[in-house]
1. Regarding the chain, what whole-number volume in Å³ per residue does the convex hull of its Cα atoms give?
2. Let me check I've understood the local charge: for S83, count other residues with C-beta under 12 angstrom from its C-beta, Lys and Arg +1, Asp and Glu -1. What total comes out?
3. So for the chain: antiparallel DSSP bridges make up what percent, rounded to the nearest 5?
4. Placing +1 at every Lys and Arg Cβ and -1 at every Asp and Glu Cβ, with all other atoms neutral, what dipole size does the chain have around its Cα centre, in debye to the nearest 20?
5. Using alpha carbon centroids, what distance separates region 68-116 and region 2-66, in Å?
Amino acid sequence: MHSFGLTWEVIKSFPIIFLDGDITLEAKQLLEDTYKEIINQLDAKILIFDFSKTDYINSTGISYFLNILQRHKERGGEFIFTSLSDHIKKVMNIVGLTDYVKVFSTTETAIKYLDK
């Protein structure tokens, strides 16, 4: 297992959350704190999650993303996922999470799409 961490920054007015490591129970509090921090600071409607340094997500990680996705949608927001590994893409497709988010191959592609 690769322990979880993340960083975030704003690029062209879009908050990008760079995930690093396995998304399991360990990730929950850091994701929650970061989500609240971004919403409180920026009131952002669109959040981009970059999975380029993440290869594994378990059911706890999926359920947590579903939880914050639901809360964010209630605020009129949306999530964008980028750089999904084959494993993560497969898992998210199986549980239907990708039906509720836009998925792009790279963060740069997502920003270009949003910056039109």
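1. Hull volume over Cα atoms, normalised by residue count, gives 92 Å³.
2. Local net charge: -3.
3. Of all bridge pairs located within the chain, approximately 35 percent are antiparallel.
4. 380 debye
5. 12 Å
Rule-based calculations on the coordinates, nothing more; no lab input. Here the structure is a predicted model, which is why all the values come from computation and not from measurement. We place every Cβ from the backbone using ideal geometry, glycine too, and count neighbours over all the protein chains shown.
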